[in-house]
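The values are calculated or read from the model by the stated rules, or taken from the named source; none is laboratory data. Predicted, not measured: the structure shown is a model, and the values here were computed from it. Cβ atoms come from the backbone with ideal geometry, glycine included; neighbour counts cover every protein chain shown.
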Amino acid sequence: MSQDHDSGRGGTRTIVLDVAVAAIIFALGALVAWDSHRLGSGWSTDGPQTGYFPFYIGLITCICGAVVFVQGLLKLGTDKSVFVTHEQLKQVLVILVPSTIYVLGVQFIGIYVASAIFIGLFMRIAGHYTWLRSAAVGLGVSICTFVMFEIWFKIPLPKGPLENLLGY
Amino acid sequence: MEELNALFHGFAVALTPYNLVLMFIGITLGVIIGVLPGLGGANGVAILLPLTFTMSPTSAIIMLSCIYWGALFGGAITSILFNIPGEPWSVATTFDGYPMAQQGRAGEALTGAFTSSFVGALVAVLMFTFLAPLVAKFALQFGPPEFFSVYLLTFCSFVGTGKGNPFKIVAAMMLGFAMAAVGIDIVTGQLRLTFEFTELLSGFHFLVAVIGLFGIGEILLSMEEGLSFTGHSAKINPKIVLETWKKLPRYWATSIRSCIIGCWMGIIPGGATPASFMSYGVARKVSKDGAKFGTGQLEGVIAPETAAHAAGTSALLPMITLGIPGSPTAAVLLGGLLIWGLQPGPLLFVEQKDFVWGLIASMYLGNIAGLIVVLTMVPLFAAILRVPFPIIAPVIVVICAIGAFTVKNNMFDVWLMMVFGVVGYAFKKLDYPLAPMVLALVLGDSAESSFRQSMLISQGDMTVFFSNWLVGSLTGLALFALFWPLLSALIARLRTPAPGGAPG
């Protein structure tokens with residue numbers, strides 16, 4: 001995957017990310033250990049305190065994070081493999097960004113309308129389908145989920161103004 | 001004899017028309033899930049779990065376990081026809097399956113794969129039928145220290161059998177435990193790790209994590225590769241099936257070996273994936289056609305498929321008898337049991353006979369149904385794979401969002417799912433294993449409470465985990481597994497400078 005011209009052209013190196021993630025893991029571990037210590041990680045009169053178990057979990061997390069961090073630092077100069085090339089990152093963002101906007105949409109306009117718009121626009125823009133086909137698939141999926149969840153299984157999903165207007 | 005009676009009773013439970021219909025629906029859904037990228041056994045079952053809340057537990061587990069069998073079957077289709085393993089455990093199937101498809105022997109490869117999957121599952125179910133009650137009876141004597149040492153063994157096995165950096169495996173696992181600890185501590189009622197966020201009061205639900213890590217994460221990975229599906233067409237007709245079946249008995253030794261590997265690897269939490277690789281490797285070494293492996297040998301399809309299915313099935317044994325799942329999918333099923341108000345563990349065999357034996361009977365029936373469904377409907381499933389990715393991708397995101405929302409009817413979970421998706425993507429690429437993380441998240445609370453109870457019994461003395469032969473050997477085994485990477489590295493280092501030049 002990581003041919004020479006890829007690393008030459010840039011993109012984040014795997015090892016840099018590896019070290020960064022190890023640092024985050026260390027920080028999370030420290031956070032867990034700190035909060036457990038705050039709650040009490042020893043013994044009270046009636047047995048182990050609330051933070052007893054998680055404190056050690058946090059501690060082990062810290063140790064592992066630190067080891068991976070150091071291992072990564074040692075390889076920092078030699079390991080040149082690329083985590084994502086710019087091309088790949090673009091591909092990932094093509095789905096990640098619309099999905100995030102979609103979740104935002106679910107929150108405000110309900111899942112059915114948001115799904116129809118999301119699927120339709122994604123097909124149109126990323127897949128270059130005709131407007132008609134995109135709209136048909138988007139609406140179709142939305143209507144199917146509506147029938148399945150609201151009518152058959154009676155499981156309420158997030159709804160927005162349109163569903164309110166229709167009386168659901 | 002007692003088991004046989006109970007089993008027949010189980011068949012009576014499972015053989016109602018309603019349950020049979022659920023079985024076929026489950027298998028079909030399962031195969032579709034196994035075929036689609038981004039949906040797999042674990043998150044597929046997770047997404048469909050809320051749909052079963054209105055059913056009786058027995059019907060629900062029948063449908064969900066059938067989805068699981070279906071996903072196991074489905075992985076083979078994509079491996080053979082498209083050279084894309086739909087599931088991690090079918091990676092080894094691509095080695096010989098895809099070359100067979102290239103030579104126009106797709107039908108033979110598929111028939112071989114399905115049939116050997118069926119054989120593997122059947123052997124594992126037989127073992128399950130007779131072994132599970134014994135294990136459950138044995139486990140009834142377990143106290144908290146024994147249970148904790150079994151948990152310990154489960155998690156240490158990941159380090160022992162895992163291929164990657166042991167520190168990354170442990171780190172992923174510990175993050176899972178930490179997430180399990182978030183929320184209200186049921187013993188003292190104190191809030192842990194919530195940092196005053198009300199959303200975190202109820203903690204992280206593992207279903208949300210599973211859907212995000214495996215579902216969204218997988219979609220991101222697939223997008224990166226810029227998937228274009230070019231597959232071979234599958235022609236399966238009764239003639240091909242019968243001809244392949246005639247060839248299969250020749251490979252009985254491979255089958256038996258793979259069954260044993262699969263059953264063993266399924267019970268110890270290594271799961272189906274290493275089982276399939278190990279079985280393929282062993283078959284290549286032992287077979288007299290070993291050198292031809294990788295060029296389209298039927299035996300090279302039989303070995304991994306048999307083992308993967310045997311492992312996938314026997315992963316349910318520790319889940320039902322001890323409450324300790326051997327794979328992420330089994331963990332999701334365990335979560336389902338808890339939601340239906342059933343406490344997995346040895347008592348299940350005493351208190352919920354209908355449920356347990358209904359499940360075991362449905363394992364037999366489900367695999368027969370599975371074989372029928374996949375053999376007859378392969379072209380249809382292959383057609384699903386030809387649906388272009390720009391349609392599949394957003395639809396799967398929508399399905400995942402619905403799945404995450406329905407877990408607790410909570411919008412926050414949908415956001416969490418997206419975060420888990422990015423984490424899953426990054427972890428996959430950086431070689432942090434996801435399975436131990438999910439298992440730790442599921443088992444965190446039980447592991448902690450058994451640890452606490454043990455500590456209460458012993459007043460904080462760790463030697464309680466060596467206090468009798470049973471708990472001592474379990475803990476010993478666990479420590480051995482934990483330090484195995486270190487030991488094997490040491491052994492390798494001792495061996496390499498040995499005099500005499502080229503090693504074996």
Options B:Ile324, B:Ile360; residue that is among the β-branched types (Val, Ile, Thr), crowded, with 21+ Cβ neighbours inside 10 Å, more than 14 Å from chain A (Cβ to nearest Cβ) and outside any helix (DSSP H, G or I): B:Ile324
Mind counting the residues in segment B:381-393 that are in contact (Cβ under 8 Å) with a residue 40 or more places away in the chain and either buried (at least 22 other Cβ atoms within 10 Å of the Cβ) or outside any loop (DSSP other than H, G, I, E, B) (or both)? 7
Evaluation of A:Val70 against (1) of a type in the set (Val, Ile, Thr); (2) surrounded by fewer than 19 Cβ atoms within 10 Å (Cβ to Cβ); (3) at the interface with chain B (Cβ under 9 Å from one of its Cβ atoms) (one fails), failing number: (3)
Find all pairs meeting these conditions: Cβ atoms under 6 angstrom apart; at least six residues apart or on different chains; first residue within segment B:74-86 and hydroxyl-bearing (Ser, Thr, Tyr); second residue assigned to a loop (DSSP other than H, G, I, E, B). B:Thr78/B:Ile84; B:Thr78/B:Gly86; B:Ser79/B:Pro85
Condition (residue is at pLDDT below 85 and within 13 Å of B:Gly34 (Cβ to Cβ)) applied to segment B:90-102: is it met by at least one residue? yes
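Quick one: is B:Lys137 part of a helix (DSSP H, G or I), within 14 Å of chain A (Cβ to nearest Cβ) and out of contact with any strand residue (DSSP E or B) (no Cβ under 9 Å at 6 or more places or on another chain)? Outline the logic, then answer.
Numbers: part of a helix (DSSP H, G or I): yes; within 14 Å of chain A (Cβ to nearest Cβ): no; out of contact with any strand residue (DSSP E or B) (no Cβ under 9 Å at 6 or more places or on another chain): yes.
Against the criterion (part of a helix (DSSP H, G or I), within 14 Å of chain A (Cβ to nearest Cβ) and out of contact with any strand residue (DSSP E or B) (no Cβ under 9 Å at 6 or more places or on another chain)), B:Lys137 does not qualify.
How about segment A:50-67: which of its residues are under 19 Å from B:Ile184 (Cα atoms) and surrounded by fewer than 20 Cβ atoms within 10 Å (Cβ to Cβ)? It would help to see each step written out before you state the result.
Filtering segment A:50-67 for residues under 19 Å from B:Ile184 (Cα atoms) gives A:50-58.
Matches in segment A:50-67: A:Tyr56 only.
With A:Pro54, A:Pro98 as the choices, which residue is touching a Lys or Arg at 6+ places or on another chain (Cβ under 7 Å) and either at pLDDT 95 or above or within 10 Å of another protein chain (Cβ to nearest Cβ) (or both)?
Values: A:Pro98 fails: touching a Lys or Arg at 6+ places or on another chain (Cβ under 7 Å).
Residue meeting the stated conditions: A:Pro54.
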So B:Gly444 clears everything in (1) closer than 14 Å to B:Ala209 by Cβ; (2) crowded, with 22+ Cβ neighbours inside 10 Å; (3) out of contact with any Phe, Trp or Tyr (no Cβ under 8 Å at 6 or more places or on another chain); (4) within 10 Å of chain A (Cβ to nearest Cβ) except one condition, right? Which one? (3)
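Being at pLDDT below 90, assigned to a helix (DSSP H, G or I), crowded, with 21+ Cβ neighbours inside 10 Å and within 11 Å of chain A (Cβ to nearest Cβ) narrows it down to one residue among B:Ile402, B:Ile396; which is it? Don't jump to the end; show me each part of the working.
Numbers: B:Ile402 fails: at pLDDT below 90.
Matching residue, one of B:Ile402, B:Ile396: B:Ile396.
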Which condition number in (1) under 25 Å from B:Ser222 (Cβ atoms); (2) facing chain B (nearest Cβ under 9 Å); (3) at pLDDT 90 or above is the one that A:Gln91 fails? (3)
Looking at the structure I just gave you, is B:Phe128 assigned to a helix (DSSP H, G or I), surrounded by 24 or more Cβ atoms within 10 Å (Cβ to Cβ) and modelled with pLDDT of 85 or more? yes
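Quick check: is even one residue across segment B:409-421 surrounded by 24 or more Cβ atoms within 10 Å (Cβ to Cβ) and free of Cβ contacts under 8 Å to residues at least 40 places away in the same chain?
Filtering segment B:409-421 for residues surrounded by 24 or more Cβ atoms within 10 Å (Cβ to Cβ) gives B:413-414, B:417, B:420-421.
Retained after the next criterion (residues that are free of Cβ contacts under 8 Å to residues at least 40 places away in the same chain): B:414.
There is at least one residue in segment B:409-421 that is surrounded by 24 or more Cβ atoms within 10 Å (Cβ to Cβ) and free of Cβ contacts under 8 Å to residues at least 40 places away in the same chain.
Just wondering, is there one or more residues in segment B:137-147 that are buried (at least 23 other Cβ atoms within 10 Å of the Cβ), modelled with pLDDT of 85 or more and hydrophobic (A, V, I, L, M, F, W, C)?
Applying the first criterion (buried (at least 23 other Cβ atoms within 10 Å of the Cβ)) to segment B:137-147 yields B:145, B:147.
Among the residues that remain, those that are also modelled with pLDDT of 85 or more are: B:145, B:147.
Adding the requirement that they be hydrophobic (A, V, I, L, M, F, W, C) leaves B:147.
Looking for residues that are buried (at least 23 other Cβ atoms within 10 Å of the Cβ), modelled with pLDDT of 85 or more and hydrophobic (A, V, I, L, M, F, W, C), one finds at least one in segment B:137-147, hence yes.
Looking only at residues in segment A:131-168 that are in a loop (DSSP other than H, G, I, E, B) and either more than 9 Å from chain B (Cβ to nearest Cβ) or of a type in the set (A, V, I, L, M, F, W, C) (or both), which one is farthest from B:Pro394 (Cα to Cα)? Quick ask: steps written out before the conclusion?
Step one: filter segment A:131-168 for residues in a loop (DSSP other than H, G, I, E, B), giving A:153-158, A:160, A:166-168.
Then keep just the ones that are either more than 9 Å from chain B (Cβ to nearest Cβ) or of a type in the set (A, V, I, L, M, F, W, C) (or both); that gives A:153, A:155, A:157, A:160, A:166-168.
Working: A:Phe153: 23, A:Ile155: 22, A:Leu157: 18, A:Gly160: 20, A:Leu166: 26, A:Gly167: 28, A:Tyr168: 25 Å.
Top of the filtered list is A:Gly167.
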B:Ala71 fails exactly one of (1) closer than 19 Å to B:Leu316 by Cα; (2) at pLDDT below 80, namely (2)
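Look at A:Ile119 and say whether it is loosely packed, with under 15 Cβ neighbours inside 10 Å and part of a helix (DSSP H, G or I). Full working, then the answer.
Details: loosely packed, with under 15 Cβ neighbours inside 10 Å: no; part of a helix (DSSP H, G or I): yes.
Taking the combined requirement at face value, the residue does not satisfy it.
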Go through B:Ile302, B:Ile267, B:Ile324, B:Ile339 for me and flag whichever is within 20 Å of the chain's Cα centre (by Cα) and more than 23 Å from B:Pro436 (Cβ to Cβ). B:Ile302
A:Gly77: under 24 Å from the mean Cα position of the chain (by Cα) and either within 7 Å of chain B (Cβ to nearest Cβ) or not in a helix (DSSP H, G or I) (or both), yes or no? no
Considering segment B:174-207 alone, what residues qualify as being in a helix (DSSP H, G or I), away from every other protein chain (no Cβ under 13 Å) and in contact (Cβ under 8 Å) with a residue 60 or more places away in the chain? B:Glu199, B:Phe206, B:Leu207
Any residue at all in segment B:23-44 that is in contact with a Cys (Cβ under 9 Å, 6 or more places away or on another chain), part of a loop (DSSP other than H, G, I, E, B) and crowded, with 23+ Cβ neighbours inside 10 Å? yes
Residue by residue through segment B:405-439, note down the ones that are in a helix (DSSP H, G or I), within 9 Å of chain A (Cβ to nearest Cβ) and out of contact with any strand residue (DSSP E or B) (no Cβ under 9 Å at 6 or more places or on another chain). B:Phe405, B:Thr406, B:Met411, B:Val414, B:Trp415, B:Met417, B:Met418, B:Gly421, B:Val422, B:Tyr425, B:Phe427
Grab the helices (runs of 4 or more DSSP H) fully contained in segment B:212-309, keeping just those with 3 or more residues being under 30 Å from A:Val103 (Cβ atoms) and modelled with pLDDT of 85 or more. B:217-224
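For segment A:12-29, which positions are buried (at least 16 other Cβ atoms within 10 Å of the Cβ) and either at the interface with chain B (Cβ under 8 Å from one of its Cβ atoms) or aliphatic (A, V, I, L, M) (or both)? Walk me through it before giving the result.
Initial filter on segment A:12-29 (buried (at least 16 other Cβ atoms within 10 Å of the Cβ)): A:13-15, A:17-19, A:21-22, A:25-26, A:28-29.
Selection gives A:Thr14, A:Ile15, A:Leu17, A:Asp18, A:Val19, A:Val21, A:Ala22, A:Ile25, A:Leu28, A:Gly29.
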